[in-house]
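J.: Structure incoming, see below.
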Amino acid sequence: VLVVNAKLLVKNLKELIALAKAKPKTLNYASGGVGSASHFAVAMFVAAAGIGDETVHVPYRGGAPALTATMANETQFYCGPIAGMVPYIESGALIPLAISGDTRSPSLPEVPTMSEAGLPDFKSVGWFGLLAPAGTDSAIVKRLNEAVVEANKNPKVIKALRTQGIEPKNDSPTEFAAFIQDQLELHRKLAKQM
């Protein structure tokens, strides 16, 4: 979720973009370090919004210091895992502007996606997956996939994952491999622009 410090008095994505354009180089964004998932997510946002030259990246040594810096207004915005931000959003210290994935989060159902907030081509998702060594027998891969799909149907698993801001997905091994390739290509392109 992309969040801003409450003192920024920005209530939506359009206001953040307008402020960055009106006051170039005055807004800093935090990340958990150069090349981290949070860095890529915010870099993707500033590029899509056309404010890459108007904002300043401040890398920290991990997500916790980046989040702390944003709450202290040392940096004005940050994009990180939903689960770690919900308490600070609920307390009013941070204002959520948009979800970086393609669907709203059950943890923050009132927060729009980036697409809904005005950036239709934006999509940055954190993800986890189960991988096996190259050359693993296809029957074993199939059995592992079936076990994951079955586990992801369990209400307790779904609840535990959603508590952490994770939405279970049941791709086939072929679909997951294609997703990984798409993510690699997307991040290669972005890395060249950074």
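Where a number appears in this text, it was derived from the coordinates with a stated rule and is not lab data. This one's a predicted model, so the numbers in the text were calculated from it and none came from an experiment. Ideal geometry is used to build each Cβ from the backbone, glycine not excepted, and the neighbour counts take in all protein chains shown.
J.: Over the chain, what is the relative contact order in whole percent, taking alpha-carbon pairs under 8 Å and six or more residues apart?
T.: 23
J.: Stretched out fully, how many nm does the piece from Glu74 to Ile180 gain, at 0.36 nm a residue minus the Cα gap?
T.: Contour length minus Cα-Cα distance gives 34.7 nm.
J.: Just check the stretch 77-117 against the gyration tensor rule for me: Cα atoms, a ≥ b ≥ c as the square roots of the eigenvalues, rounded for a/c under 1.5, and otherwise prolate or oblate depending on whether a/b exceeds b/c.
T.: Taking the square roots of the gyration eigenvalues as a ≥ b ≥ c, the stretch 77-117 is prolate.
J.: For a quick check, take a GNM of the chain with Cα springs below 10 Å and name the residue from Asn152, Asn28, Asn12 with the largest mean-square fluctuation.
T.: Asn152
J.: Net charge around Leu27, counting only other residues with Cβ within less than 14 Å of its Cβ (Lys, Arg = +1; Asp, Glu = -1)?
T.: That sum, taken over residues with Cβ under 14 Å, equals 0.
J.: Once every DSSP H run of n ≥ 4 in the chain is given -39500 (n - 2.57) and the sum is divided by its residues, what mean residue ellipticity at 222 nm do you get, rounded to the nearest 500 deg cm²/dmol?
T.: One gets -14000 deg cm²/dmol as the mean residue ellipticity at 222 nm.
J.: May I pose another question? Over the stretch 1-97, what relative contact order in percent results from Cα pairs under 8 Å that are six or more residues apart?
T.: 45
J.: For the chain, what are the DSSP H helices with axial Cα length of 15 Å or more and mean Kyte-Doolittle hydropathy of at least 0.0?
T.: Span-like helices, by this rule, are 37-49, 138-151.
J.: Along the Cα→Cβ direction, 7 angstrom out, place labels at Lys153 and Leu131. What is the inter-label distance in nm?
T.: 2.8
J.: Which of the following values of Cα extents along the principal axes in Å was calculated from the structure shown: (1) 63, 39, 32; (2) 61, 30, 26; (3) 57, 37, 31?
T.: It is the value labelled (3).
J.: Something else: Positive end of the dipole of the stretch 1-134, charges at C-beta (+1 Lys, Arg; -1 Asp, Glu), about the Cα centre: which of Ile99, Asn28, Leu119 has its Cα farthest in that direction?
T.: Going by the Cα projections, it comes out as Asn28.
J.: Suppose R0 equals 30 Å. What FRET efficiency, 1/(1 + (r/R0)^6) with r the Cβ-Cβ distance, do Asn170 and Asp121 give to the nearest 0.05?
T.: Taking R0 as 30 Å, the efficiency between Asn170 and Asp121 is 0.70.
J.: Now for a separate question. What is the percent of Cα-Cα separations in the stretch 1-41 that go past 17 Å?
T.: Within the stretch 1-41, distances greater than 17 Å cover 38 percent of Cα pairs.
J.: If the viscosity is 1.306 mPa s and the temperature 10 °C, what translational diffusion coefficient in µm²/s does Stokes-Einstein give for the stretch 1-71 when Rh comes from Kirkwood over Cα pairs?
T.: 130
J.: Restrict the search to the stretch 1-70; then list the trypsin sites (Lys or Arg not before Pro) that DSSP places in a loop and that have at most 12 other Cβ atoms within 10 Å of their Cβ.
T.: Lys11, Lys25, Arg61
J.: Could you check the simple spin-label distance between His187 and Asn12, using points 7 Å along Cα→Cβ, in nm with one decimal?
T.: Label-label distance for His187 and Asn12, simple model: 3.3 nm.
J.: Given R₀ = 41 Å, what would the calculated FRET efficiency be for Asp102 paired with Lys25, taking r from the Cβ atoms and rounding to 0.05?
T.: Plugging the Cβ-Cβ distance into 1/(1 + (r/R0)^6) gives 0.85.
J.: If I take every Cα pair under 8 Å that is 6 or more residues apart in the stretch 103-182, average their sequence separation and divide by the length, what percent do I get for the relative contact order?
T.: Reported as a whole number, the value is 27 percent.
J.: Report the residue, chosen from Ile82, Ile166, Ile158, that carries the largest GNM mean-square fluctuation when the chain is represented by alpha-carbon nodes joined by springs under 10 Å.
T.: Among Ile82, Ile166, Ile158, the largest GNM mean-square fluctuation belongs to Ile158.
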